[in-house]
Amino acid sequence: MRRPVDIATAETAAFLLEWLGDSHRRVIEVGAGDGHVAEVLGQRGHEVVAIDTDAESVARARARGVDAREARWPEFTSEPVDAVVFTRSLHHIDDLEGAIARACELVVPKGLVIVEDFAFESLDDAMVGWFHDHLRVIAAATDLDAPGDSFVARVLAGGNAAAIHAVEPHRDLHSWTRMRDALTEGLSPVDARSAPYFYRYLIRIAPDRTDLASVVGALLEAELAAAARGWILPFGRRFVGRRPTT
C-alpha cells in the first residue's frame, strides 16, 4: 500500500529523472536518508552512491539494496560522476561554498549539480494561514499526532509567520537566496523553479501511515492549486546547474 513517504519520493525522483533520464548515469546523492530516492533511481538504471551522516539511516538504505555510505560532505571522495544531487540537504551543510565547490570538482565537464530544497525565509502570514486551515481539517478527521516542537504543531497552535521564524530551527540554516547565489557562482544554471513543500511537513510526522497517504496526496494537490491561483507562494525550490567545460 502507498505510504506518505512514497508520495514525496515520487515527486523528488520525477524531478531528478527529468535531468538524469533513463540511461546509465553515475550519481552521488548527498543527504540520502533512508535511501528511498536512491532506490528509485537505481531501479531506473542509474548507479547511485547515497551518502548520509546518520548511521541508522545508512543501515536502512543498505537494507533496501542501496549503495549507502556513512560520510560527510564535502569531505567525501569519489571518482568523477555525472551528477551530484542534494536532496533537501544543502541548507544543513555549514561550509556551503565548500559543499558546492566539491560537487563541481566531482562532476565531469558538463556534469550536473541538482538541488532540491526550500526557501524558509519566504514564509509569510498568508502561507501560514493557508496551511493552518488545511491542518485543522486534517487534525479533525484523523488522529494526527504532531510533536509539540514540530512545525506542524506550531502552525496548528496559531502562530503567525514572525513567531514561527523566531523559534524554528531553520532560522539558523542557509537561506535559499544564499544557496542560489553560491550555486550560480560556480555553475551554469540550466533550470530553476519553485515546487510544493508544505505537504512534506505532514510526511515528516507520519511517513509510514498508509491511512494518511490519500490525505497527503490531497494536500499536495491543494498546495499546487493554491500556488497556481496565487493564493500562496510556492515554498520549495529546485535548481539544476551544469559544470562549465573550462
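Grab the beta carbon distance between ALA63 and LEU17, set R0 = 30 Å, and tell me the FRET efficiency rounded to 0.05. Please report the intermediate quantities before stating the final value.
Numbers: r = 23 Å, r/R0 = 0.78.
FRET efficiency, ALA63 to LEU17: 0.80.
Compute the FRET efficiency between ALA101 and ASP211 as 1/(1 + (r/R0)^6), taking r as their Cβ-Cβ distance and R0 = 41 Å, and round to the nearest 0.05.
With R0 = 41 Å, the Cβ-Cβ based efficiency is 0.35.
Given a Förster radius of 22 Å and the C-beta distance between ARG2 and ALA141 as r, what FRET efficiency does 1/(1 + (r/R0)^6) yield to the nearest 0.05? Don't jump to the answer; show the numbers that get you there.
Numbers: r = 18 Å, r/R0 = 0.83.
Taking R0 as 22 Å, the efficiency between ARG2 and ALA141 is 0.75.
Answer with a single label: of [x] 28, 19, 18; [y] 30, 21, 17; [z] 38, 17, 16, which was calculated as semi-axes √(5λ) of the Cα gyration tensor in Å from the structure in view? Computed from the coordinates, semi-axes √(5λ) of the Cα gyration tensor in Å corresponds to [y]. Site pair ASN160 and THR245 shows an inter-label distance of 5.5 nm when each label is modelled 7 Å from Cα along Cα→Cβ.
Quick one: compute the contact order of the chain, relative version, from alpha carbon pairs under 8 angstrom and 6+ residues apart, as a percent. Please report the intermediate quantities before stating the final value.
Numbers: 416 pairs, mean separation 57.4, N = 246.
Reported relative contact order: 23 percent.
Placing a pseudo-label 7 Å from each Cα along the Cα-to-Cβ vector at HIS24 and ASP125 gives an inter-label distance of 5.8 nm. With the simple spin-label model, which puts each label point 7 Å out from Cα in the Cβ direction, the ARG72 to HIS92 separation comes to 1.4 nm.
Top mean-square fluctuation among ALA14, ALA38, ALA50, Gaussian network model of the chain, C-alpha springs under 10 Å? With Cα springs under 10 Å in the chain, the top fluctuation among ALA14, ALA38, ALA50 is at ALA14.
Bear in mind that the values in this text are calculations on the coordinates, not laboratory data. The model shown is predicted, which means the values in this text are computed figures rather than measured ones. All Cβ positions, even for glycine, are placed from backbone atoms using ideal geometry, and neighbour counts span all protein chains on display.
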